[in-house]
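I have placed the structure first, in the form of structure tokens, so that the comments after it can refer back to it.
The values are calculated or read from the model by the stated rules, or taken from the named source; none is laboratory data. Computed from a predicted model, the values in this text were never measured in an experiment. Backbone-built Cβ (ideal geometry, glycine too); neighbour counts: all protein chains shown. Just the protein is used for accessible areas: all its heavy atoms, side chains included, with ligands, DNA and RNA removed. Shrake-Rupley method; radii C 1.70, N 1.55, O 1.52, S 1.80 Å.
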Amino acid sequence: MPESPYSANLEVENTQVLMTLSGPHSALLTEVARETGTEVSLRGNTIYVSGEEADVELACRFLSSAAAMVERGHSVTPNDVAQSMRGLRADPTRTLTELLDETILITSRKRPIVPKSLGQRRYVEAIRTHDLTFGIGPAGTGKTYLAMAMAASALMQKRVKRIVLARPAVEAGEKLGFLPGDMAEKVNPYLRPLYDALHDMLDFERAEQLRERGQVEVAPLAFMRGRTLNDAFVILDEAQNATSEQMRMFLTRFGFGSKVVVTGDVTQSDLPHGARSGLREARDLLQGVAGISFCSFTDEDVVRHPLVQKIIVAYEKRDDALREAREAKDARDAQTNAARAPK
């Protein structure tokens, strides 16, 4: 006779919290069931969970912490479930509150921005405590978005006088010369993601007002030469496309009272073949220097669509296989050359 599944239940006394927690059509509860392999149902003010004991306990850990966060005014969405489950599985002593509760408050009119993974929390803490922080990892890990959030928060709280956002205008298969318009119009598409993130954090009118006053500046990396930036929050995005010379120039631009964040993915360089990425070189040269923090992200920190994580893993496996093949070929070539060398 098969054993009955393990079951547990969670009572949420506050009906408003329960409605917010379950979401439209109980979407969050459905996602919890999918991620944990349990059956989750709602009857009255009680959430019932059944399945394997470890899975039920994981689901209940998530739901109890989520209810506590919703009661404090934070939002927990179905998109948070998959990411949070990975953190809860990795460390049984952690709670969802610990994973998501380090918020970045920008303005009272916009919802707080919350790091979604342990890697993101470490990154935010590094930015708080270091003058220069490198965020290196794959797309979708929040490197740029969180840096933008920290910059906007610092500006709104008057801890810096302006934000400077820079990006290399490197052509990825297209030539700038063929694009219409003057130089500013040509490079604007490369800077669009930075504008989008800024407008997501501040009201459009407020963001435009800050830009008109010069308190928010978005510029190609090449325009940074010859400047010294005091009392500024400076972000260099897509830094894997900065050359060695550009990176050296950029890292010597910031002055007193400034904070700098450099983000990039060393596996996604659009530099010409054979050109050395300034981001790789900076990582090699500056590791261990006091006052500089390097934060590495992995596929576990991806907060975009779940397929993005699977795509990144697939490409990483391909890259590892190609690297092993190159190393094996180099070893064979070295043996052949050694055998052919005159005795």
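Could you tell me what percent of the accessible area of the chain is made up of carbon and sulfur, with a 1.4 Å probe and every protein chain present? Of all accessible area on the chain, carbon and sulfur atoms account for 51 percent. For the stretch 240-280, trypsin sites (Lys or Arg not before Pro) meeting the loop criterion (DSSP other than H, G, I, E, B) and having at most 14 other Cβ atoms within 10 Å: 276.
Model label points for residue 330 and residue 79, set 7 angstrom from Cα along the Cα-to-Cβ axis, are 4.0 nm apart. Rolling a 1.4 Å probe over the heavy atoms of the protein chains gives the chain an accessible area of 55 Å² per residue.
Compared with the direct C-alpha span, the chain from residue 25 to residue 248 gains 75.0 nm at full extension, assuming 0.36 nm per residue. Of the trypsin sites (Lys or Arg not before Pro) found in the stretch 131-164, those in coil by DSSP whose Cβ has at most 16 other Cβ atoms within 10 Å are 158, 159, 161. Pairs of alpha carbons in the stretch 220-343 separated by more than 16 Å make up 73% of all such pairs.
Rounded to whole numbers, the Karplus 3J(HN,Hα) couplings from phi for the stretch 36-53 are 9, x, 9, 9, 10, 9, 10, 9, x, 9, 10, 9, 9, 10, 9, x, 5, 4 Hz, using 6.51 cos²θ - 1.76 cosθ + 1.60 with θ = phi - 60°, and x at Gly and Pro.
Any of 116/317; 116/143; 161/259; 116/310 with alpha carbons more than 23 Å apart? Name them for me.
116/317
Quick one: longest stretch of the chain between exposed loop GluC sites (Glu not before Pro), exposed meaning at most 10 other C-beta atoms within 10 Å and loop per DSSP? Here the longest segment lacking exposed loop sites spans 175-343. Pick the calculated semi-axes √(5λ) of the Cα gyration tensor in Å for this structure from [x] 40, 25, 18; [y] 41, 30, 17; [z] 46, 25, 15? Identified label for the calculated read-out: [y].
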